[in-house]
Amino acid sequence: MYTREQIEQHIWDYIDGLSTPGEKQMVEKLLQSDQQWMSVYRELKGLNALIGETDLLEQPSLRFTKNVMEEVAKYSVAPATRTYINKKIIYGIAAFFIITIIGFLIYGISFINLAQTGSGTLPNLDISKYNVNWSKFLNAKVVNAFLLLDVVAGLMILDRYLRRKKDEQVQA
């Protein structure tokens, strides 16, 4: 036997015209012989007629679009990124790299012997007397990491410069 859901599904398909010819003949035969099928058919047929009579899709008002746009205009737009990024952090990172580069330059310049008098050649740089094993400190990984950080910082500064220039062109 069929459950109530199965009966309703078959009858809805029959009412909507979605059933195959075989299913259509089966439903018609059961409607004539079975009282339960006939009562469900009457219910669903009445419901289908009620749905057809009422206009379920209401037409929006003529000011619908304008009303929606007015509601949207009440909300504020999210602030631009530059308003909530702390500029002090960016300046601090840039200052760190600048100080690091200046420190390396001062450290390197301190090894130059300026007391030598020569025939117009560059001063002789002799760091062998200090017995510093530079391979411990300046291996390939450290140098690559330092260069990577410098390149990223440089790109950030370049990006900021280009954005500022673009904003000036848009405003003009």
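Laboratory data are not the source of any read-out in this text; all were calculated from the coordinates shown. Everything quoted here is computed from the prediction, not taken from an experiment. Virtual Cβ from ideal backbone geometry, glycine too; neighbours counted across all protein chains shown.
Some notes on this structure:
- Highest-first packing order for the peptide set 36-47, 61-72 is 36-47, 61-72, based on the mean count of other beta carbon atoms within 10 Å.
- Partners for Lys74 among lysines (Cα-Cα distance below 25 Å; same-chain residues under 8 apart left out): Lys66
- At R0 = 22 Å, FRET efficiency that the Cβ-Cβ distance of Ile102 and Asp167 yields, to 0.05: 0.10
- Calculated FRET efficiency for the pair Leu62/Arg4, C-beta based, R₀ 35 Å, to 0.05: 0.20
- Burial order of peptide ranges 22-32, 142-152 (average beta-carbon count within 10 Å, highest first): 22-32, 142-152
- In a reduced charge model with +1 at each Lys and Arg Cβ and -1 at each Asp and Glu Cβ, the range 4-53 shows a dipole moment near 140 debye about its Cα centre.
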